[in-house]
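Colleague: Have a look at this one.
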């Protein structure tokens, strides 16, 4: 119902609105209503409204000026002409006229004041300014509808400006020039008409001050509130003046008017802030001044370079000095090169630091004067995270010492002829070395020692030398000078001068010393050079054979002269048949020098022709220069030497030729012949090739020719072939590589050759293989030696036939037969062992004896061995892929024959024979026991099947007289045993036990056995006698009773105690 009334009211008002605005106005044109006052109030009851104001109260007062009363007065406010101005929620464009007391004006008479009220929302998009709204006052008069239009002016004010008053501004914690990381604090007051909800400040200009963090912010600041903003990380330049600076700050504020309109506005602040002068103080005092060089204490001397003046400072303040900057002012004689030290890090409260001044001192500095220097110190103090510089000057003394007490002394300690050892000097000696040795007897080392010597009796060749770069204290140096002796006087005076530098403690001072010494001059007793022939022969002691080219012959001589030799020219006159490079004379030259008493060796390249072996004589001429000084003295001496030549006919010998298959016989193919040749006295043999001509019946298995060419192998033959596996050794030889052509064989080495041969119809015995072995000797010559190789053909065993008696058939547990061996080879078999063994793990047949020994089996001969075959009932063959087993059928036996052939090699041969095991049943009755009484008998025992087939449906029958009893045992397989028991209601001393069974072919068979039954005597019943308890049982019973009594007593006492304690009053 209420919804219906609301709809009707809305419809009526809408229709009335349309009629009022669409119908023309009737009546007089004079103004009936006059606008008296337009009152605009914000939601905060203020006169100013702004873009974004909500629920603005617009109150229009009008007076009625007509004498005719008006009814149904309604004010229609049109805001559509101003976009962005609308009506608030719960308010509309229609407002009925109200009297001043707030009641509705139903009849409006002359001079009656009425009021129209509206709630407006002003959008933020409305720009500040004055806007005209249209108010239509609709009413009825004399039954007619009237309407008047009025202009209503609405002023939208601009947002209030942001007004911030600077209350105070200061730097903290430091406001001095040079301050680092200080802060700028500004106290502001909100003097505007709005509430600042938040504000962001940007410090844009502070007279070139460095500001790390130029931004600050604040939160809510109501009208009249004060707040503080801080800009951190400000650095005041060291050259800043002690004055006031202006800081320019841009503020971006978010404000809220009194009626809740939020807006953003910016403003610029100019804030004066003062830079103050630091307070005066003298916190640093001088502690000590030290002089250092290379980190150690040192005096300060004239000409010093790189000396450090270490100045220790003390912080007198109770607070730390965090950093320092030091500059120094020094006298003109001292030059500052660098400043360093620990002062950079400052000083703790009451702490120390030092300043290192690296200085150079003028060489002309007057050490008798006293000098002073000044440190200009700028230090930094840190207060609450901010630092600022302070200045102070500190004066310190500089002491320059005299160098005379520090310069070391260099003394001449040795002067002699020769180097490095003393050498006699003669009156005609030239280029004679003079050795001068000096020692530093001072406290400090000297540098750049230069020695100079002179004498009127000597001709200088080298009269000065740099003795040593440096000489440590107590050290020495040696100078070697050279002179020609030009006097016959026994002594020569020599003047020696030394110049050196003193460079300790960074100084550079030149020092000179002079000495005089007298040296002896001796007369030389001998003037001849003597050569001694020590040895002569071929290089390395190698043998040389006729027809050898370019062999090296060496001669070793000794210099026995007191002087060295140089330019040695040797000539060797060769005999007939021996040449050197096509000439009959060999020459050699040695440059030298060869010191006195030293040896030297000369080499000659010689070719030996087809000369007789043994040796020959040759003449050696030696022409040399004796280095006695200057150009020296020439000497010529002659010697006779021996040139040995050996015979190479016996240089190589054949050691052995064997077959690696052991022994071979006629019609053997691919047999491997191993030939071993020993190098007797050929030096450096390499590139060996053996060529042999094969006799009749032998052919090369490679190309079927009658000639073999072999090269040595790279493996060695084992010493005892009997102890190794011949097949493995043969495989090793067959897989071995040929020896490298660069491989060298020395004297005594064994060369092993292998050839593969086919042997045809040849006789048993030795055969001679003739040929030659060619090689490269140590001198690089190609040589050949004839060889004869004896090869033995002893025959081979070959195939061994094994035959067993074909009539044999295993139908019982033991079968006797014979085993026949036939040697089909061409050589006897010696010391043979014949082993007969089964193939399978669980053998069916076992041969006895398993091993037989035969002394000899001739070629083509036979040997018969008696053999017993025992059937094993537990043996079987497992079928492949099946779970069943076979216990009869063809059974293979392996026959292994181990023997030695004619060469003594141990060999083995395996063969096999097959024996047929037929299915048979052999039941044995074991462990038979028979006993009985007058009315019954019982027989027990065990049945064992020793056969190869299963006994089916086995039945045991016991017969006593005409009484028969039986028991069905079942099937008994090969090797199985089954126990039986037969009870019969009769007794007799003898009985017949019969076993009936069926074989695999369902054939019945029986086995009978007579047994004797033992009669048992029946025992009379006896009355059981009560047996008394043994003593042990009485002891146990007594112990248990005692234990129970003691336990009962203890329990009783505990119970009684508990009762007494529980009944005691509290």
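The values are calculated or read from the model by the stated rules, or taken from the named source; none is laboratory data. Quantities reported herein were computed from a predicted structural model and do not represent experimental measurements. Neighbour counts run over all protein chains shown; Cβ positions are idealised from the backbone, glycine included.
Colleague: Of everything in the range 502-523, what is surrounded by fewer than 16 Cβ atoms within 10 Å (Cβ to Cβ) and free of Cβ contacts under 8 Å to residues at least 60 places away in the same chain? Give them in sequence order.
Modeller: 510, 512, 514, 516, 518
Colleague: Still on this model: Run down 626, 620 and say which single residue is assigned to a strand (DSSP E or B), modelled with pLDDT under 80 and surrounded by 15 or more Cβ atoms within 10 Å (Cβ to Cβ).
Modeller: Only one candidate qualifies: 626.
Colleague: Being outside any strand (DSSP E or B) and crowded, with 19+ Cβ neighbours inside 10 Å is the filter here; which residues of the range 56-81 pass it?
Modeller: From the range 56-81, those outside any strand (DSSP E or B) are 65-69, 79-81; that's our starting set.
Answer for the range 56-81, where residues must be outside any strand (DSSP E or B) and crowded, with 19+ Cβ neighbours inside 10 Å: 66, 79.
Colleague: Residue 681 passes all but one of (1) closer than 24 Å to residue 544 by Cβ; (2) in a strand (DSSP E or B); (3) touching a residue at least 40 places away in the same chain (Cβ under 8 Å); which number fails?
Modeller: (2)
Colleague: On to the next question. Tell me the residue from 852, 816 that is at pLDDT 80 or above, surrounded by 13 or more Cβ atoms within 10 Å (Cβ to Cβ) and more than 60 Å from the chain's Cα centre (by Cα), please.
Modeller: After ruling out the rest, the residue left standing is 852.
Colleague: Within the bounds of the range 178-198, is there any residue that is under 30 Å from residue 159 (Cβ atoms) and within 60 Å of the chain's Cα centre (by Cα)? Show your work before the answer.
Modeller: We begin by selecting, within the range 178-198, every residue under 30 Å from residue 159 (Cβ atoms); these are 184-198.
This time we only want the ones that are within 60 Å of the chain's Cα centre (by Cα), so: 184-185.
Within the range 178-198 (the criterion being under 30 Å from residue 159 (Cβ atoms) and within 60 Å of the chain's Cα centre (by Cα)), the answer is yes, since at least one residue qualifies.
Colleague: Just the residues that are under 48 Å from the mean Cα position of the chain (by Cα) and farther than 18 Å from residue 396 by Cβ, please, taken from the range 301-355.
Modeller: Within the range 301-355, 306, 322, 323, 344, 345, 346, 348 meet the criteria.
Colleague: Shifting gears a bit: Only residues that are farther than 30 Å from residue 199 by Cβ, exposed (fewer than 13 other Cβ atoms within 10 Å of the Cβ) and without any contact (Cβ under 8 Å) to a residue 60 or more places away in the chain: list them for the range 119-175, please. Break it down into steps so the answer makes sense when it comes.
Modeller: First, the residues of the range 119-175 that are farther than 30 Å from residue 199 by Cβ: 119-120, 130-154.
Keeping just the survivors that are exposed (fewer than 13 other Cβ atoms within 10 Å of the Cβ) gives 130, 132, 142-144, 149, 151, 153.
Once the filter is applied, which keeps residues that are farther than 30 Å from residue 199 by Cβ, exposed (fewer than 13 other Cβ atoms within 10 Å of the Cβ) and without any contact (Cβ under 8 Å) to a residue 60 or more places away in the chain, the range 119-175 yields 130, 132, 143, 149, 151.
Colleague: Moving on. Find all pairs meeting these conditions: Cβ atoms under 6 angstrom apart; at least six residues apart or on different chains; first residue within the range 993-1013 and without any contact (Cβ under 8 Å) to a residue 40 or more places away in the chain; second residue surrounded by 15 or more Cβ atoms within 10 Å (Cβ to Cβ) and part of a strand (DSSP E or B).
Modeller: Pairs that qualify, where the first residue is without any contact (Cβ under 8 Å) to a residue 40 or more places away in the chain and the partner is surrounded by 15 or more Cβ atoms within 10 Å (Cβ to Cβ) and part of a strand (DSSP E or B), are 994/957; 1004/998; 1006/994; 1006/996; 1008/994.
Colleague: Would you mind finding the one in 810, 744, 803 that is modelled with pLDDT of 85 or more and either touching a strand residue (DSSP E or B) at 6+ places or on another chain (Cβ under 6 Å) or surrounded by fewer than 14 Cβ atoms within 10 Å (Cβ to Cβ) (or both)?
Modeller: Exactly one residue qualifies, and that residue is 803.
Colleague: Could I ask something else about it? Would the range 12-31 turn up any residue that is within 26 Å of residue 154 (Cα to Cα), touching a strand residue (DSSP E or B) at 6+ places or on another chain (Cβ under 6 Å), at pLDDT below 90 and exposed (fewer than 12 other Cβ atoms within 10 Å of the Cβ)?
Modeller: no
Colleague: Which number in (1) outside any strand (DSSP E or B); (2) under 30 Å from residue 874 (Cα atoms) marks the one condition that residue 827 misses?
Modeller: (2)
Colleague: Could you check how many residues of the range 157-210 are outside any loop (DSSP other than H, G, I, E, B) and either within 13 Å of residue 272 (Cα to Cα) or out of contact with any strand residue (DSSP E or B) (no Cβ under 6 Å at 6 or more places or on another chain) (or both)?
Modeller: Counting residues in the range 157-210 that are outside any loop (DSSP other than H, G, I, E, B) and either within 13 Å of residue 272 (Cα to Cα) or out of contact with any strand residue (DSSP E or B) (no Cβ under 6 Å at 6 or more places or on another chain) (or both) gives 14.
Colleague: Return only the number of the condition from (1) in a strand (DSSP E or B); (2) not assigned by TED's automatic domain parsing to the domain that holds residue 886 that residue 847 does not satisfy.
Modeller: Failed condition: (2).
Colleague: Being assigned by TED's automatic domain parsing to the domain that holds residue 56 and out of contact with any strand residue (DSSP E or B) (no Cβ under 6 Å at 6 or more places or on another chain): is that true of residue 95 here?
Modeller: no
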